[in-house]
Amino acid sequence: MPESKPPIATPSGYLLLSAERLAELKGMVASSDPAWLAFKDYVDGRLDELNIYNDSPENRALMYLLTGEQLYADAAWDFASELMSVENVRFDSYLHFGDLMRHAAIVLSYCDEALSSSQ
C-alpha cells in the first residue's frame, strides 16, 4: 500500500503559522466564534500582568496579528522585553536561550508593522 503524505502547508510569512491556519483564525475572528472570544477575553484579562506562568508574549502578538490593534503589539513587545531584561541567558544552557528567543522571534514576526525601528 502506498504511503500517504501529509498535506503540505502553505507558508504565511509568519513564524509557526501556515496560510491555511491564519485564514481559519481570521474567519473565527470575523464570525465571532466562541473559541476566538474566549481567547480574546483570556488575553485581555491579563494585559496588566507579566506572568509567564499564565500568559505569554506570543498570545499578545497573535492578538495583534488577528486584530491589528496597536495595544496588543505594545503589550507583546513589553512582555518579551521584560522577560529578556530579567532573565540570565546563561542560567542553565543554550536551551534556556531558545526559550527567550522564541518570544522575541514571534513578537518580531507577528508585530513587525507595529514596531518602531528601535524595537
Which of the residues that make up the range 2-59 are farther than 21 Å from ARG102 by Cβ and among the basic types (Lys, Arg)?
-> LYS5, LYS26, LYS40
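Each row is one residue, and each column tells you yes or no for (1) touching a Pro at 6+ places or on another chain (Cβ under 9 Å); (2) outside any helix (DSSP H, G or I); (3) at negative phi.
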{"site": "GLU20", "(1), (2), (3)": "yes, no, yes"}
{"site": "LYS26", "(1), (2), (3)": "no, no, yes"}
{"site": "SER32", "(1), (2), (3)": "no, yes, no"}
{"site": "VAL43", "(1), (2), (3)": "no, no, yes"}
{"site": "ARG46", "(1), (2), (3)": "no, yes, yes"}
{"site": "GLU49", "(1), (2), (3)": "no, yes, yes"}
{"site": "ALA61", "(1), (2), (3)": "no, no, yes"}
{"site": "LEU66", "(1), (2), (3)": "no, no, yes"}
Which of the residues spanning the range 73-119 are within 10 Å of the chain's Cα centre (by Cα) and either part of a helix (DSSP H, G or I) or at pLDDT below 95 (or both)?
-> ALA73, ALA76, ARG102, HIS103, ALA104, ALA105, ILE106, VAL107, LEU108, SER109, TYR110
Which of the residues belonging to the range 5-23 are open to solvent by less than 90 Å² (accessible area, probe 1.4 Å) and either within 16 Å of MET63 (Cα to Cα) or of a type in the set (S, T, N, Q) (or both)?
-> THR10, SER12, TYR14, LEU15, LEU17, SER18, LEU22, ALA23
Subset of the range 24-59 [open to solvent by less than 60 Å² (accessible area, probe 1.4 Å) and either acidic (Asp, Glu) or touching a residue at least 40 places away in the same chain (Cβ under 8 Å) (or both)] | LEU25, ASP33, ASP44, ASP55, SER56, PRO57, GLU58
In the range 60-78, anything open to solvent by 70 Å² or more (accessible area, probe 1.4 Å) and among the acidic types (Asp, Glu) is listed as GLU69, ASP78
Could you grab the pairs with beta carbons closer than 6 Å, sequence gap of 6+ or different chains, first residue in the range 12-23 and without any contact (Cβ under 8 Å) to a residue 60 or more places away in the chain, second one in a helix (DSSP H, G or I) and surrounded by fewer than 16 Cβ atoms within 10 Å (Cβ to Cβ)?
-> SER12/ALA19
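The values are calculated or read from the model by the stated rules, or taken from the named source; none is laboratory data. No experiment lies behind these values; they were computed from the predicted model shown. Note: ideal-geometry Cβ built from the backbone for every residue, glycine included; neighbour counts use all protein chains shown. Each accessible area value is taken on the protein alone, full model and side chains, heavy atoms only, with ligands, DNA and RNA left out. Shrake-Rupley method; radii C 1.70, N 1.55, O 1.52, S 1.80 Å.
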